[in-house]
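A quick write-up on the structure given underneath.
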Amino acid sequence: MTTTPRPFSTVGFLERNRRIGTTLTLLLLVGLGLALGAALGLVLSETVGWMLDAVASAE
């Protein structure tokens, strides 16, 4: 009678520890939101500054 080794578990670390996976996902989403918000704020700030300069130079 031969015995075969057990197959490796296909369940990863984050699947076994769902709270850690959820926390990391939320942190990633919050970080992405902050980065996108900051980038959009900078673009809008530069655009408004450029438009104000254009209006001031037109007068």
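The values are calculated or read from the model by the stated rules, or taken from the named source; none is laboratory data. Not measured: the values here are computed from a predicted model. Note that we place each Cβ from the backbone using ideal geometry, even for glycine, and neighbour counts take in every protein chain shown. The protein model used for the area step is the full one, side chains on, heavy atoms only, and it has no ligands, DNA or RNA in it. Shrake-Rupley method; radii C 1.70, N 1.55, O 1.52, S 1.80 Å.
Whether any residue in the range 10-21 is part of a helix (DSSP H, G or I), at pLDDT below 80 and open to solvent by less than 100 Å² (accessible area, probe 1.4 Å) is what I want to check. Yes, there is a match, as at least one residue in the range 10-21 is part of a helix (DSSP H, G or I), at pLDDT below 80 and open to solvent by less than 100 Å² (accessible area, probe 1.4 Å).
Only one residue in T47, T25 is at pLDDT 95 or above and surrounded by 10 or more Cβ atoms within 10 Å (Cβ to Cβ), so which one is that? Break it down stepwise before answering.
Values: T25 fails: at pLDDT 95 or above.
Going through T47, T25 in turn, the sole match is T47.
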